[in-house]
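Take a look at the structure below.
Each reported figure results from applying straightforward, stated rules to the coordinates on display, with no laboratory input. These figures come from a predicted structure and were not determined experimentally. All Cβ positions, glycine included, derive from the backbone under ideal geometry; neighbour counts span all protein chains shown.
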Amino acid sequence: MYRRLLIITLGIVAVSIPAAATGSSQAPNVTLTGVVGPGFTISLRNADGSTVTHLDPGTYDISVTDNAIEHNFHLSGPGVEQATDVEGTGPVSWTVTFTDGTYRFVCDPHAASMRGTFTVGNVPPPPPPPGKLSGKVTTRTITLMNGGSRVRSVAENTYKVTVTDSSKTQNFHLTGPGVNKKTGVAAKTRKTWTLSLKPGKYTYRSDKNRRLKRTFTVTAKTS
């Protein structure tokens, strides 16, 4: 009987001991590995060796190895600003907290070529790249092409419109919602316009010849 009571009592005591006293603790931070040099290379990798492109928000340990006196490893983004010395080498460790946003790592002396970026959490997707349209006007014709087809309808977007005006008696004049761009009449020229085309009707024409006139529509983005 006494032995049974002793077992029950010990069981109750074991259950009542706080978790901290039993040695359990929060899971360790994920470690990312950064390396710069000795050549013109810089990288940030996950524990499995893959390149860091996207992370969940949270606290991370960053283990950086700087292998060259002409390079450094500079990590920056929302709430984070850490860098090794350009003249120094060796291992450096940081503990950082990443939040939603875009982060970058660069070698400051060679930022044009030694750089990388990654996103954290919910980041809006980048805008679509500009579309490309090509316009042309001659003494007898006027066109606006999308690839190999004449433009009749395009989706709302930003477009690079390259216009070749090969006539000294005509011009290329594009108008529509928020747009009014034209070449000169008296000279041959080539122009490139970056335009935000909104939903609606657009017209391209020559101001000197009413026959040289066409229209197209821009449709709204679909959700």
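Could you state the angle between the C-alpha long axis of helix 2-16 and the longest principal axis of the C-alpha atoms of the chain, as a value from 0 to 90 degrees rounded to the nearest 10?
Once rounded, the angle reads 30 degrees.
From the list (i) 1.82; (ii) 1.14; (iii) 0.98, can you say which value of Cα Rg over 2.2 N^0.38 Å was derived from the structure given?
Identified label for the calculated read-out: (i).
What translational D, rounded to a whole number of µm²/s, comes out for region 131-219 from Stokes-Einstein when the hydrodynamic radius is the Kirkwood one over Cα pairs, at 37 °C and 0.692 mPa s? Could you put the intermediate results ahead of the total?
Numbers: Rh = 12.7 Å.
Roughly 258 µm²/s, to the nearest whole number.
Applying a 10 Å radius around every beta-carbon, put 172-182, 41-51 in order of their mean neighbour count, most first.
Details: 172-182: 17.0, 41-51: 12.6.
Descending mean neighbour count gives 172-182, 41-51.
Within 10 Å of each residue's Cβ, count the other Cβ atoms and sort Ser149, Ser196 from fewest upward.
Exposure proxy ranking, most exposed first: Ser149, Ser196.
Lys and Arg at +1, Asp and Glu at -1: add these up for the other residues within a Cβ distance under 11 Å of Thr203 and post the number. Mind showing how you got there, number by number?
Working: positive: Lys201, Arg205, Lys213, Arg214; negative: none.
Around Thr203, the charge tally is +4.
Test of understanding: ordering Val154, Val123, Val106 by Cβ neighbours within 10 Å, fewest first, what list do you get? Spell out each step's value before the answer.
Details: Val154 17, Val123 12, Val106 22.
Listing Val154, Val123, Val106 from fewest to most nearby Cβ atoms yields Val123, Val154, Val106.
Over the chain, what relative contact order in percent results from Cα pairs under 8 Å that are six or more residues apart?
On the way: 494 pairs, mean separation 27.8, N = 223.
Answer for the chain is 12 percent.
Would you be so kind as to identify which of Thr192, Leu44, Gly58 lies farthest towards the positive end of the dipole of the chain, taking Lys and Arg as +1 and Asp and Glu as -1 on Cβ and the Cα centre as origin?
The listed residue farthest towards the positive side: Thr192.
Read phi for every residue in region 182-187 and hand back ³J(HN,Hα) as whole Hz from Karplus 6.51 cos²θ - 1.76 cosθ + 1.60, θ = phi - 60°, with x for Gly and Pro.
8, 8, x, 7, 8, 9
No solvent, one uniform scatterer per C-alpha: report log10 I(q)/I(0) for region 28-120 via the Debye equation at q = 0.13, 0.21, 0.24 1/Å, two decimals.
Ignoring solvent entirely, the Cα scatterers give -0.37, -1.00, -1.30.
Show that you can apply the helix-only estimate: for the chain, add -39,500 (n - 2.57) for every DSSP H stretch of four or more residues, divide by all residues, and state [θ] at 222 nm to the nearest 500. Let's see the in-between values first.
Working: 1 runs with 15 residues, N = 223.
That calculation yields -2000 deg cm²/dmol at 222 nm.
If the chain between Arg214 and Thr162 were fully stretched, how many nm would it gain, using 0.36 nm times the residue separation less the Cα-Cα distance? Could you put the intermediate results ahead of the total?
Working: separation 52, 0.36 × 52 = 18.72 nm, distance 1.67 nm.
Working it through step by step, the gained length comes to 17.0 nm.
For every other residue with a beta carbon closer than 12 angstrom to the beta carbon of Asn157, add +1 if it is Lys or Arg and -1 if Asp or Glu, then tell me the sum.
That works out to +3.
With no solvent and one point per C-alpha, what does the Debye sum give as log10 I(q)/I(0) for region 86-163 at q = 0.11, 0.25 Å⁻¹?
-0.61, -1.20
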